[in-house]
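Student: Let me begin by handing over the structure; questions about it come next.
Every number here is computed from the coordinates shown, using simple stated rules; none is lab data. Since this is a predicted model, take the numbers as computed values, not measurements. Cβ placement follows ideal geometry from the backbone for every residue including glycine, while neighbour counts extend to all protein chains displayed.
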Amino acid sequence: MMYVMLALFFQSAALVASKYASTRNVGINRYLCPEYLSALIFLVLQALVWQQALKKKPLNVVYPYMSIIYVIIPIISFFFFGEPITINQVIGSSVIITGIIVMYAGPSL
């Protein structure tokens, strides 16, 4: 599970870096700035650790955990960019977390 958590971290970091790049730069400079280049590096790292996660566990086991990104990003957006968290995001995040718990806590059919 360490590789899945690292994949989530790198994907989240890439999204935050991309947001910074889009808000601080315009035109072609957006794609040459350190924030954008770091986003690309984070995406490469995410791909590498994701491959390691898939070596250790089946895809149908690890992939649902990647949906946690939809819970993490609104929280990060709130703290880093001052974006509001809506009731719909709270309900959606609750559904995602509940879904993951139901998938792995219950007995297999």
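Student: Given labels modelled 7 Å from the Cα in the Cβ direction, how far is it in nm from residue 78 to residue 40?
Tutor: 3.4
Student: Where the centre of each part is set by its Cα atoms, how far does segment 12-47 sit from segment 54-74, in angstrom?
Tutor: Each part reduced to its Cα centre gives a spacing of 22 Å.
Student: Can you give the net charge of the other residues whose Cβ lies under 10 Å from the Cβ of residue 3, counting K and R as +1 and D and E as -1?
Tutor: +3
Student: Quick one: compute the contact order of the chain, relative version, from alpha carbon pairs under 8 angstrom and 6+ residues apart, as a percent.
Tutor: 28
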